[in-house]
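All remarks here apply to the structure that follows.
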Amino acid sequence: ILEQYKEGIICLTGDFDGILGQTFLCTGEAQAKTLLQKLVQIFTKENTYLELCARGDFGDQKTVNQWKCKMAQELNLELVVTTNARFAEPDDEEASDTLFCIGKNQLMTSFDRQKFVTGNWFKSWDEIVSELQYLEHDILENARQNTLKIADLVDFELEFGNDLLPNFEVPEGETEAT
């Protein structure tokens, strides 16, 4: 399916939780490199970007980011830099957590409930640099420029105040809740 619909798609490889990061962590470098080469074959070298994600000290992100830098150099691929943003400001974290609990039908007070790691707001460049301080400044700046280049390529307008969800007809005798 990817090969069929690849036209106009820019491929970002995701954070450590994405398919490339998980392949690297669970099955090793050789299989991850093979998967990356398959992505490049499908989307082309010009449209495939290795994604460095600023997620603090969460999980194996640092290990995956360092491997991606190695692959970028070895395969002559470009890097981008992202964050795992789920809300706009640090003060929005509690509201985001509350909405997550509602969506999962969980109580916020439950000891064993599912919870996002903290720090998932849209970060400033200085915050990103601080979290990725283990990477060379030139690598980060190049990744930043690539990220901005992609942002300039995207033609997207979000219209606020309009309901963008599709309207589905409900059978007679039913409601949207049933």
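The values are calculated or read from the model by the stated rules, or taken from the named source; none is laboratory data. This one's a predicted model, so the numbers in the text were calculated from it and none came from an experiment. For neighbour counting, all protein chains shown are included, and Cβ atoms are generated from backbone atoms with ideal geometry for every residue, glycine included. In case anyone asks, the SASA skips ligands and DNA or RNA and just uses the protein heavy atoms, side chains included. Shrake-Rupley method; radii C 1.70, N 1.55, O 1.52, S 1.80 Å.
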Next item on the list: Return the long-range amide H neighbours of residue 80 (sequence gap of 5 or more, or a different chain), with a cut-off of under 5 Å between placed amide H atoms.
Entry: 50, 51, 52
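Could you calculate the FRET efficiency of residue 154 with residue 124 from 1/(1 + (r/R0)^6), where r is the beta carbon distance between them and R0 is 25 Å, rounded to 0.05?
On the way: r = 21 Å, r/R0 = 0.83.
Computed FRET efficiency for residue 154 and residue 124 comes out at 0.75.
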Notebook entry, point to check: For the Cα atoms of the chain, what angle does the longest principal axis make with the long axis of helix 93-104, in degrees from 0 to 90, nearest 10?
Noted result: 70
Item checked: In degrees, nearest ten, helix 61-75 long axis to first principal axis of the chain (Cα) -> 50
Margin query: Tell me the mean residue ellipticity at 222 nm calculated for the chain from its helices only (DSSP H runs of n ≥ 4, each -39500 (n - 2.57), averaged over every residue, nearest 500).
Written below: -13000 deg cm²/dmol
Checklist line | FRET efficiency, residue 110 to residue 19 (Cβ-Cβ, R0 41 Å, nearest 0.05) | finding: 0.85
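Using a Förster radius of 22 Å, what is the FRET efficiency between residue 10 and residue 85 based on their Cβ-Cβ separation? Nearest 0.05, please. Write out the running numbers ahead of the final one.
On the way: r = 18 Å, r/R0 = 0.82.
For R0 = 22 Å, the calculated efficiency reads 0.75.
Can you give me the % of accessible surface on the chain that is carbon or sulfur? Probe 1.4 Å, all protein chains present, nothing else counted.
Details: 6330 of 12300 Å².
That share works out to 51 percent.
Relative contact order for the chain: what percent, with Cα pairs under 8 Å and sequence separation of 6 or more?
Numbers: 181 pairs, mean separation 33.5, N = 178.
The normalised contact order for the chain reaches 19 percent.
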Margin query: Can you tell me the length gained on complete extension of the stretch residue 172 to residue 142, counting 0.36 nm per residue apart and subtracting the Cα distance?
Written below: 5.1 nm
Next item on the list: Evaluate the distance, in nm, between pseudo-label points positioned 7 Å from the Cα of residue 102 and of residue 30 along their respective Cα→Cβ axes.
Entry: 5.0
Notebook entry, point to check: Just the accessible area per residue of the chain, please: how many Å² with a 1.4 Å probe?
Noted result: 69
Margin query: Heavy atoms of the protein only, probe of 1.4 Å, neighbouring chains included. What is the accessible area of residue 129 in Å², nearest 10?
Written below: 40
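In debye to the nearest 20, how big a dipole does segment 1-100 give about its Cα centre with +1 on each Lys and Arg Cβ and -1 on each Asp and Glu Cβ?
Values: 9 positive and 17 negative charges, 143 e Å.
In debye, rounded to 20, segment 1-100 gives about 680.
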Check: What does the charge dipole of the chain about its Cα centre add up to, to the nearest 20 debye, if the Cβ of each Lys and Arg holds +1 and the Cβ of each Asp and Glu holds -1?
Finding: 960
Checklist line | Centre separation in Å (Cα based) which lies between segment 79-96 and segment 16-63 | finding: 21
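Expressed in nm to one decimal, what extension gain is obtained for the pair residue 63 and residue 133 from 0.36 nm per residue of sequence separation less their Cα-Cα distance? Intermediate values should be presented prior to the final figure.
Values: separation 70, 0.36 × 70 = 25.20 nm, distance 1.33 nm.
Roughly 23.9 nm would be gained on extension.
Ordered by packing density, taken as the mean number of other Cβ atoms within 10 Å over each peptide's residues, highest first, how do 165-174, 18-27 rank? Working shown, then result.
Values: 165-174: 6.8, 18-27: 17.3.
Packing proxy ranking, top to bottom: 18-27, 165-174.
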